[in-house]
Amino acid sequence: MSASTSVTRAESLPPRAPANVPKSVRRRRRLRTVPVYVILWAVGVFMVTPLLYALVSGFKSTDQLSGNTFGLPDPWVTSNYTSLLGSGAFWRSIGSSTVIALATAVLTVGAAALAAYALARFAFRGRELLFTVFTMGLMFPFAVAILPLFILLRTFGLLDNPWGVILPQAAFGLPMTIVILRGFFREIPGELEEAATLDGCSTFGFFWRILLPLARPALGTVSVLAIVGSWNNFLLPLLVFSEPTWWTIPVGIQQFQGQYASDVARIFAYLVLAMAPALAFYAVAERQLIGGITLGATKG
Amino acid sequence: MTHPTSTPASITSSSTYAPDAGKSPRPAPDSPGPAARRPAPRRVRDWLSAFVFTVPALVLFGLLVLVPMGYAFYISFFNWGGFGTPSDSVGFDNYTRLFDDPVFLGDLWRGFLLIVFSIVLQLPFALAMAVLLNQRLRGRAVYRMLFFAPYILSEVITGVLFSMIFAPGEGLADKSLDAIGFGALGGDWFAGQDTVLPTLFLVMTWKYFGFHMMLYLAGLQGIPAELHEAARIDGAGAWQRFRHITLPLLAPTLRISVFLSVIGAIQLFDLVWVITSGGPDHASETMVISLFQYGFKRYQMGYASAISVAMFLISLVFALAYQRFVLRRDTEGAITTMRANR
């Protein structure tokens, strides 16, 4: 994806008309793009309005919201945001979302990298069958297995335990991660492995010291996918955590909405604060995210 | 599904010192080639290491994906409340009940409607945006980023946000319509039997079209500019170029995006659960919501499992049929284009 991103950057500069094009043609060209900009603006407004509305509404009191829907807050009420930022519950949700997302990513990528290595670089009987079993997993959403999964977790005493969310998330994340990583591992020339073996490198040594560092971009991509998937997961934490101790952000929002149903401005503030980490992450890891999501989609 | 990179001939020939240089060029992914030619001890060692390397993934996957799937299949033949061991075997009753259950049949119909909406409206819209943003435009990186941003947000955040925006009378939507004098158009949104699905679809478009747009943009970048240039010189207009160059060359990407859209519609839950919980009066219920309601609210685990098995079979049959009849060898083409761009 890196190549396409750099192309994007170069092309996003204002177009420069070649010097030999007559002025009237250039003018006509510019006129022709006016409708394009109008359309993009309209769609942009459609996309941005809900987000901006939430941000501004968070600075109003609920009374202001119904009386003064469109205007800026008057006065600006900061208590919605500050009371949340001062509350333990909000930070606890951020904390558990973070811990669960990181643990899920480490576990998914670790187990998937080992398996993808074996599936990519060893020739053994049943390899393709094994790979097919994993790719079949792409067809199992959480929802299909959620009932027995819940019963299983209850039997093992993993309800109200972060592992009850981390382990199933990692398991369901494996197929996509294995498919992507196996593709990358296959592209690394076999001569490299032979040379390493001749130099006395063990199988695991090659994997750990040569393959993984070479596959760093791919590992970044799949880690980002695992983190985002975990961060946004709702169904599983909703069922696993009945106690608020480990509520993740999505579960926290839903409970908060139920609790403060009449205090709309406060809910807006909560939404904005809950969106912020995801959007910040998007701004930082945009390339991995888009590359990973489009790659994952076409591979799946 | 992937091509092994064929090693350049120069490297291959210079590596004659390697013990099994004879195996280059690398065999096709499906042939067990090298194993057959390797000495036996090495084969055993390979098999052992492969086993050790796959164990963590196999245990996780087997225990938490395959076992629950199998168990769902098993309990779908019982009448079971979810506690103790299932003992009241009812044969295929849970499955025959599916076909008489207006809620489940309604789920299928609503899923179908959402898929049709997506294919007829959302995906063409995403394609139009991708084509626009594939040109040289001022600030197009910003538009791309903005259009894709909602995809990153959790469905719960999206759901809560829009349930407040479309709150009857008080929300931004109704207030805006009032302000421009179309107040009569608003009102029910998620609360109305007939309006809930279209409103939901609007929210889904807001959240998901950027994802499809990104897929198309990646596909568009794989189309060589020379083709357009040549067609332009031959006098082809913008529409003709779109129709005869862009569309055919983008077809693999389009098919994958339709596929993902259908699978997404079958698995829809979070967004709807947060906004309507399937209401009013089942008007927005999806298969996963029915499963959740029967399983965790009414403790009819057997019947809920039958729904999940049905859901799985529908996805599986669709995926296999789609791969067999629509995708065929497309996938490879799409992936190689993506790789060329990476």
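The table below lists the values:
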read-out: Residue check, B:Gly210 small (Gly, Ala, Ser), over 14 Å from B:Val131 (Cβ atoms) and within 13 Å of chain A (Cβ to nearest Cβ); value: yes
read-out: Condition check for B:Met164: modelled with pLDDT under 90, touching a helix residue (DSSP H, G or I) at 6+ places or on another chain (Cβ under 7 Å) and facing chain A (nearest Cβ under 7 Å); value: yes
read-out: Odd one out for B:Gln193 among (1) surrounded by fewer than 17 Cβ atoms within 10 Å (Cβ to Cβ); (2) without any contact (Cβ under 8 Å) to a residue 40 or more places away in the chain; (3) within 28 Å of the chain's Cα centre (by Cα); value: (2)
read-out: Odd one out for A:Arg154 among (1) part of a helix (DSSP H, G or I); (2) touching a residue at least 24 places away in the same chain (Cβ under 8 Å); (3) farther than 30 Å from B:Leu48 by Cα; value: (2)
read-out: Tally of residues being closer than 18 Å to B:Gly171 by Cα, more than 25 Å from the chain's Cα centre (by Cα), more than 9 Å from chain B (Cβ to nearest Cβ) and not in a loop (DSSP other than H, G, I, E, B) across the range A:245-275; value: 3
read-out: The one condition in (1) crowded, with 16+ Cβ neighbours inside 10 Å; (2) without any contact (Cβ under 8 Å) to a residue 12 or more places away in the chain that B:Ser87 fails to fulfil; value: (1)
read-out: Test: residue in the range A:119-133 that is within 30 Å of A:Phe241 (Cα to Cα) and assigned by TED's automatic domain parsing to the domain that holds A:Asn233; value: no
read-out: Helices (runs of 4 or more DSSP H) lying entirely in the range B:236-279 (those with 2 or more residues that are in contact (Cβ under 8 Å) with a residue 12 or more places away in the chain and farther than 17 Å from B:Asn134 by Cα); value: B:247-266, B:270-275
read-out: Filter result for A:Phe207 (farther than 30 Å from A:Ser93 by Cβ, among the hydrophobic types (A, V, I, L, M, F, W, C) and out of contact with any Gly (no Cβ under 8 Å at 6 or more places or on another chain)); value: yes
read-out: Qualifying residue in the range A:106-122 (condition: free of Cβ contacts under 8 Å to residues at least 24 places away in the same chain and outside any helix (DSSP H, G or I)); value: yes
read-out: Test: residue in the range A:136-150 that is within 17 Å of B:Val67 (Cβ to Cβ), among the β-branched types (Val, Ile, Thr) and not in a loop (DSSP other than H, G, I, E, B); value: yes
read-out: Near pairs, Cβ below 6 angstrom, 6+ apart or cross-chain, from the range A:277-294 (assigned by TED's automatic domain parsing to the domain that holds A:Val228 and basic (Lys, Arg)) to any residue that is assigned to a helix (DSSP H, G or I) and modelled with pLDDT under 80; value: A:Arg287/A:Thr5
read-out: Among (1) of a type in the set (Gly, Ala, Ser); (2) at pLDDT 65 or above; (3) closer than 30 Å to A:Ala218 by Cβ - the single one A:Ser6 does not satisfy; value: (2)
read-out: Tabulated pairs, the range A:157-170, first over 16 Å from A:Ser93 (Cα atoms), second in a helix (DSSP H, G or I) and of a type in the set (Gly, Ala, Ser), C-beta under 6 angstrom, 6+ apart or interchain; value: A:Leu158/A:Gly164; A:Gln169/A:Ser230
read-out: Candidates B:Ser118, B:Ser154, filtered to the one that is among the polar types (S, T, N, Q), buried (at least 21 other Cβ atoms within 10 Å of the Cβ) and more than 7 Å from every other protein chain (Cβ to nearest Cβ); value: B:Ser118
read-out: Contacts under 6 angstrom Cβ, first residue in the range B:68-82 being in contact (Cβ under 8 Å) with a residue 12 or more places away in the chain and part of a loop (DSSP other than H, G, I, E, B), partner among the polar types (S, T, N, Q) and crowded, with 18+ Cβ neighbours inside 10 Å, 6 or more apart; value: B:Ser76/B:Asn94; B:Ser76/B:Ser305
read-out: Any chance B:Phe209 is assigned to a helix (DSSP H, G or I) and either farther than 16 Å from B:Thr286 by Cα or among the basic types (Lys, Arg) (or both); value: yes
read-out: Breaking point among (1) part of a helix (DSSP H, G or I); (2) surrounded by fewer than 22 Cβ atoms within 10 Å (Cβ to Cβ); (3) touching a residue at least 24 places away in the same chain (Cβ under 8 Å); (4) among the small types (Gly, Ala, Ser), for A:Ser242; value: (1)
read-out: Filter pass, A:Ile94 being assigned to a helix (DSSP H, G or I), without any contact (Cβ under 8 Å) to a residue 60 or more places away in the chain, surrounded by fewer than 22 Cβ atoms within 10 Å (Cβ to Cβ) and among the β-branched types (Val, Ile, Thr); value: no
read-out: Set B:Gly181, B:Gly171: member being closer than 30 Å to A:Leu238 by Cα, more than 7 Å from chain A (Cβ to nearest Cβ) and without any contact (Cβ under 8 Å) to a residue 24 or more places away in the chain; value: B:Gly171
read-out: Residue among A:Leu107, A:Leu55 that is of a type in the set (A, V, I, L, M, F, W, C) and buried (at least 20 other Cβ atoms within 10 Å of the Cβ); value: A:Leu107
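Quick grid of which residues meet (1) at positive phi; (2) facing chain A (nearest Cβ under 10 Å); (3) at pLDDT 90 or above:
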position	(1), (2), (3)
B:Tyr299	yes, no, no
B:Ala304	no, yes, yes
B:Phe312	no, yes, no
B:Leu316	no, yes, no
B:Tyr322	no, no, no
B:Val326	no, no, no
B:Thr331	no, yes, no
B:Ala334	no, yes, no
B:Ala340	no, yes, no
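Matching residues to (1) free of Cβ contacts under 8 Å to residues at least 60 places away in the same chain; (2) surrounded by 15 or more Cβ atoms within 10 Å (Cβ to Cβ); (3) over 22 Å from A:Pro168 (Cβ atoms):
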site	(1), (2), (3)
A:Glu194	yes, yes, yes
A:Gly205	yes, no, yes
A:Arg209	yes, no, yes
A:Val228	no, yes, no
A:Trp231	no, yes, no
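The values are calculated or read from the model by the stated rules, or taken from the named source; none is laboratory data. Worth saying up front: this structure is predicted, and the values here are computed from it rather than measured. Because the Cβ atoms are built from the backbone with ideal geometry, glycine has one as well, and the counts that use them run over all protein chains shown.
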